[in-house]
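Report on the structure given below.
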Amino acid sequence: MTHTQNNLPKPLPVCRSEMLDRGWNELDILFISGDAYIDHPAFGVPLLARFLESHGYRVGIIAQPDWKNPDSLTVMGQPRLFAAISAGAMDSMVNHYTAAKKLRRNDAYTPGGVAGKRPNRATIAYTSAVRNAFKSLPVIIGGIEASLRRLAHYDYWDDRVRRSILIDSKADLLIYGMGEKALLELAARLKCGESLLTCQNIKGTAYAARACPDDALLLPSYAEVAADAALYNRAFKLASLQDNPYSAKPLAQAHDQRYLVVNPPAEPLSTEEMDVLYALPFSRHPHPMYSTGIPAYEQIRHSITSHRGCFGGCAFCAITHHQGKTIQSRSRRSILDEVDKITAQKDFYGTISDVGGPTANMYGLRCNHPDQGKHCRRPSCLFPSPCENLLTDDQPAVALLRSVQQHKKVKHVFVASGVRYDLLSQQTGYFNQLVEHHISGLLKVAPESTSDAVTRVMRKPVAKEFTDFLERFRAINDRLGLRQKVVPYLISSHPGCTLNDMIDVALYLKRHQLKVEQVQDFTPTPGSLSTCIYHTGHDPLTGQAVYVPRSVKERRLQKALLLYHLPESRGDVLEALRLCRREDLIENLLGREGSKTQKTMRDRSISHKKSRTFSRKARP
């Protein structure tokens, strides 16, 4: 039954009065989230909660509770089945701290963008709070924080290897990945009277056991990977080869006297299952209890998720580890139905801000030999070269964009999701459609680096691929009489990147008339290949040693080189050129102003030395 309010579906209960309004005396499942409650399919907890509601479960959400006060968790009483905990759409430590480990001043998932409404290591803190509030209640953890910390993992903020978050939080079960299938199966089995002990065979879950299962692949233990970087690399490599949901084995890793057991991933959703999921009744608004705007909502309120998953396999990215490598696409009819809902909103003025997923131009793409794909162990379908079995037909994506564009209430349809520019060489139709109709002036793409040595470590395309893309993009714009530009996303201080590499990147930007608006200083986020390399200094998949820039000074200089065009970066750029003995490039990179700045700095240095010499001579 769908409850409505002002012709919109009612949000799920957040307090006792909203429960009673639905005629509920108790909940079946209570969700705890580190994000504000936005009843929109772009947010994980509301999506899962609506999914369970559609299967007849009484579900409530407590968003951003006071984890120090048990009363904030008991407002709807103890649920009958379990509490489901998520830190939110981001890992809480990434949400709180910059790459320099400085506290962030805002939180896009909180009303007013206010920081500090969730704790550090939110999954652990919330689990402890729920344990205090409900002594005998099963606690299930999930979301991206739990998903990427499911095994023993290097933690950048502690600068050490931490245990599995399931062990540290003392939760009963961990659900990793997107979670729909595992969560529904768990709820159904507990509802039928099963115990948690008999639910330990669900795909996409992890649990703690006294013994190692006979069929599990045994990884080096927590104690071993914490003490030995080589064993950490071995554990990472073994685990990475077991991410295919059709052929993976269970993983086991000893943590003191117990074993952390990770079941194989849940199978991806079919198109029909995706359509059902996104047809659920969402109000598409924040809960009415909020009186101030939520920045993350403002960005996605009129956006559409057309698919999930990514087969790019970038070393620094968490998407594949969480959403899977298989592209799970909705039907065109499902997406157009959502367009109808969006255009009926009172705040809609004609613009769909995004139609896409993790990588927009992967919509509808798949393996052309699915039987072989069920045994595939490639972490990427694109690196080091495109797989011969990858079907790159762009017609479904082109037809989708044209259909949305033709909706009578839609004036503009933009693609704000990232695109893989190396795929566009095989997707001429999509490329032309994108440039002609779906860019709001600036196209954001992510080469991440233009140094081939660095992109090899990143598992990204070589610089020539990006150069070819730029030339084609500009040629299409010239033909159409458009003045659109490319804004590249680049990462500084990624493993494998030296100061000399970054100087070459800056020269590439200057040569191709590109200016970077934002620079992502590399942050070693939990669970990624890049983080493993950062921690150990070796690539676990190749065994090769990799240079890792670690000093505060070098990280500052690398970032400054990407922002060479800003006056405030000039001094650091000059220092980087001097350290690499490449002063001959000053005027090339910085122009005459750079030469003047160098002369001023040299004069000041000479003056300072003379002053110190005079001071020493003047002493009695």
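The values are calculated or read from the model by the stated rules, or taken from the named source; none is laboratory data. Being a predicted model, the structure only gives us computed values, none of them experimental. Reconstructed Cβ throughout: ideal geometry from the backbone, glycine too, with neighbour counts over all protein chains shown.
Of the conditions (1) under 27 Å from the mean Cα position of the chain (by Cα); (2) at pLDDT 95 or above, Leu574 satisfies every one except a single condition; which number is it?
Status for Leu574: all satisfied but (1).
Being out of contact with any strand residue (DSSP E or B) (no Cβ under 9 Å at 6 or more places or on another chain) and assigned to a helix (DSSP H, G or I) is the filter; apply it to region 531-555 and report the residue that is surrounded by the fewest Cβ atoms within 10 Å (Cβ to Cβ).
Here the residue is Val552.
With the requirement that a residue be of a type in the set (Asp, Glu) and more than 18 Å from Ser169 (Cα to Cα), what does region 249-275 give you?
Within region 249-275, Glu267, Glu272, Glu273, Asp275 qualify.
What residue, of Tyr156, Tyr207, is surrounded by 21 or more Cβ atoms within 10 Å (Cβ to Cβ), in the same structural domain as Leu81 (by TED's automatic domain parsing) and touching a residue at least 12 places away in the same chain (Cβ under 8 Å)? Please lay out each step first, then the result.
Numbers: Tyr156 fails: surrounded by 21 or more Cβ atoms within 10 Å (Cβ to Cβ).
Tyr207 is the lone residue from the list that is surrounded by 21 or more Cβ atoms within 10 Å (Cβ to Cβ), in the same structural domain as Leu81 (by TED's automatic domain parsing) and touching a residue at least 12 places away in the same chain (Cβ under 8 Å).
If I go through region 386-416 residue by residue, how many of them are under 24 Å from the mean Cα position of the chain (by Cα) and more than 18 Å from Pro461 (Cβ to Cβ)?
5
Might you let me know whether region 380-389 holds any residue that is touching a residue at least 24 places away in the same chain (Cβ under 8 Å) and charged (D, E, K, R)?
No - not one qualifying residue is present in region 380-389.
How many residues, within region 451-481, are surrounded by fewer than 16 Cβ atoms within 10 Å (Cβ to Cβ) and touching a His at 6+ places or on another chain (Cβ under 8 Å)?
Residues flagged as surrounded by fewer than 16 Cβ atoms within 10 Å (Cβ to Cβ) and touching a His at 6+ places or on another chain (Cβ under 8 Å) within region 451-481 amount to 1.
Here is a yes/no grid of residues against (1) of a type in the set (A, V, I, L, M); (2) touching a residue at least 12 places away in the same chain (Cβ under 8 Å); (3) assigned by TED's automatic domain parsing to the domain that holds Ile165:
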residue	(1), (2), (3)
Pro13	no, yes, yes
Gly23	no, no, yes
Asp28	no, yes, yes
Ala42	yes, yes, yes
Arg50	no, yes, yes
Trp67	no, yes, yes
Pro70	no, yes, yes
Val75	yes, yes, yes
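Could you please give the count of residues in region 329-357 that are in a loop (DSSP other than H, G, I, E, B) and either closer than 13 Å to Ser303 by Cβ or not assigned by TED's automatic domain parsing to the domain that holds Leu434 (or both)?
Adding up the residues that qualify gives 4.
Taking helices (runs of 4 or more DSSP H) that fall entirely within region 106-172, which contain at least 2 residues that are more than 22 Å from the chain's Cα centre (by Cα)?
122-133, 165-169
Out of everything in region 493-530 that is within 17 Å of the chain's Cα centre (by Cα) and part of a helix (DSSP H, G or I), what residue ends up being farthest from Ser569 (Cα to Cα)?
For region 493-530, the residue satisfying everything is Leu529.
Rundown of residues vs (1) closer than 19 Å to Gly313 by Cβ; (2) assigned by TED's automatic domain parsing to the domain that holds Arg550; (3) crowded, with 16+ Cβ neighbours inside 10 Å, yes/no style:
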position	(1), (2), (3)
Tyr421	yes, no, yes
Val435	no, no, yes
Arg483	no, yes, no
Tyr508	no, yes, yes
Val516	no, yes, yes
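Tell me which residues, restricted to region 179-210, are assigned to a loop (DSSP other than H, G, I, E, B) and touching a strand residue (DSSP E or B) at 6+ places or on another chain (Cβ under 7 Å). Before the answer, list the steps.
As a first pass, look at region 179-210 and keep what is assigned to a loop (DSSP other than H, G, I, E, B): 179, 192-195, 200-204, 210.
Within region 179-210, Gly179, Gln200, Gly204, Arg210 qualify.
The conditions are (1) over 18 Å from Pro447 (Cα atoms); (2) touching a residue at least 12 places away in the same chain (Cβ under 8 Å), and Leu470 fails exactly one of them. Which is it?
Looking at each condition in turn, Leu470 falls short on (1).
Among the residues of region 174-192, which ones are small (Gly, Ala, Ser) and under 20 Å from Ser164 (Cβ atoms)?
Filtering region 174-192 down to residues small (Gly, Ala, Ser) leaves 177, 179, 182, 187-188.
Within region 174-192, Gly177, Gly179, Ala182 qualify.
So, in region 13-58, exactly how many residues are buried (at least 21 other Cβ atoms within 10 Å of the Cβ), among the aliphatic types (A, V, I, L, M) and under 17 Å from Ser72 (Cα atoms)?
Here the count works out to 5.
Check region 577-589 and report whether any residue there is under 33 Å from the mean Cα position of the chain (by Cα), modelled with pLDDT of 95 or more and either more than 19 Å from Ser449 (Cα to Cα) or assigned to a helix (DSSP H, G or I) (or both). If you could, list the steps in order and put the result at the bottom.
Here is the first cut: in region 577-589, the residues under 33 Å from the mean Cα position of the chain (by Cα) are none.
Within region 577-589 (the criterion being under 33 Å from the mean Cα position of the chain (by Cα), modelled with pLDDT of 95 or more and either more than 19 Å from Ser449 (Cα to Cα) or assigned to a helix (DSSP H, G or I) (or both)), the answer is no, since none of the residues qualifies.
Residues Ala49, Ala84, Ala89, Ala108: which one is modelled with pLDDT of 95 or more and touching a helix residue (DSSP H, G or I) at 6+ places or on another chain (Cβ under 6 Å)?
Ala108
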